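This report concerns only the one structure given below.
Rule-based calculations on the coordinates, nothing more; no lab input. From a predicted model like this one, the values you see are computed outputs, not experimental measurements. Here Cβ is always computed from backbone atoms with ideal geometry, including for glycine, and neighbour counts include all displayed protein chains.
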């Protein structure tokens with residue numbers, strides 16, 4: 001018998017979330033961002049779940065080719081452009097578009113023969129990772145237009161702080177980034193400006209294309225706004241079974257470092273999941289899990305292969321009970337908040353040894 005742990009991908013949730021982001025796109029071209037193996041959900045699942053998107057945005061060339069093998073026939077965007085000249089042939093084999101975000105990439109295109117490529121011009125308006133300054137765009141556009149076989153789709157930027165909890169007087173608000181774009185925000189060749197937060201929280205952001213990311217997977221991009229409020233459904237459940245129960249006395253300890261001391265005679269459930277599966281080792285005592293229809297607190301330090309939970313007050317929880325670590329009852333943002341990170345990191349961090357299963361509906 002295999003170890004009782006699994007990552008469940010909810011196909012109905014993927015389709016529902018894609019439709020909600022289609023509504024948020026308000027008629028604009030919808031890129032579904034599927035980098036990092038579809039945010040940890042598996043490209044083979046998201047190709048089916050996001051069938052109604054207009055295009056898929058990806059990072060790795062190998063993944064772009066895999067999308068084609070999986071049957072994706074619509075557009076693909078290499079969201080960090082390309083990394084070297086040798087990448088151009090497989091990108092063109094995949095029929096993918098690219099973002100041109102630096103003088104180096106532009107120069108490579110100018111010296112490469114036989115191109116057939118669509119390009120966005122990446123613009124840095126405040127994130128300061130990739131992109132030309134707005135004042136440089138027209139010169140870049142002129143050079144792109146002069147390259148045989150290259151089609152320009154306009155400009156693309158990424159907002160550093162689109163979430164509503166970001167302070168209004170910060171250095172890179174959406175408003176300030178739009179001001180830096182100026183007329184480029186309505187570029188006649190096209191503008192892809194809004195990612196998930198721009199789509200959901202900033203109707204003032206225009207353009208003819210958008211990029212939906214984390215909300216497609218049923219995770220709110222802002223921990224102060226719930227998934228229920230956004231009407232999105234978590235598409236990933238990490239769960240494992242209780243494999244043993246320990247009965248301990250008051251004053252006895254649980255786990256490495258004896259970080260949890262029983263305040264009373266206690267039942268401790270041992271769950272077949274640990275940090276080697278992708279669950280954060282830094283999760284503190286009291287971090288919730290979901291078992292037999294109730295929230296139950298963690299007790300003791302997360303181990304490589306096991307987690308301990310206090311089931312003293314939950315007699316229905318026993319050996320063989322499924323325990324949800326995050327998913328449709330325990331929001332991944334709740335776990336992320338307890339360990340000082342974001343839900344994005346956790347859903348991308350489940351390790352390959354965890355079996356993956358797709359399903360329809362809730363568990």
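Things worth noting here:
- With a simple spin-label model that places each label point 7 Å from the Cα along the Cα-to-Cβ direction, the separation between residue 341 and residue 128 comes to 2.6 nm.
- Percent of Cα pairs in the chain per distance bin of 10 Å, from zero to the largest separation: 5, 23, 28, 21, 14, 7, 2, 0.
- The stretch 40-111 - Debye-derived log10 I(q)/I(0), Cα point model, q = 0.22, 0.24, 0.25, 0.28 Å⁻¹: -0.92, -1.04, -1.11, -1.32
- Sorting the segments 19-28, 238-247 by their residues' average number of neighbouring beta-carbon atoms within 10 angstrom, most packed first, yields 238-247, 19-28.
- Cα centroid separation, the stretch 95-152 to the stretch 43-84 (Å): 20
- Of the peptides 207-218, 118-129, the ranking by mean beta-carbon count within 10 Å, highest at the top, reads 207-218, 118-129.
- Seen through its C-alpha gyration tensor, with square-root eigenvalues sorted a ≥ b ≥ c, the stretch 32-77 comes out rounded because a/c lies under 1.5.
- Computed [θ] at 222 nm, helices only, for the chain once each DSSP H run of length n ≥ 4 contributes -39500 (n - 2.57): -6500 deg cm²/dmol
- Inter-label distance, residue 256 to residue 68: 4.5 nm, where each label sits 7 Å from its Cα along the C-beta direction.
- When peptides 267-278, 251-262 are sorted by average Cβ neighbour count within 10 Å, with the highest value leading, the order is 267-278, 251-262.
- Axis of helix 11-25 versus longest Cα principal axis of the chain: the two differ by about 40°, to the nearest ten degrees.
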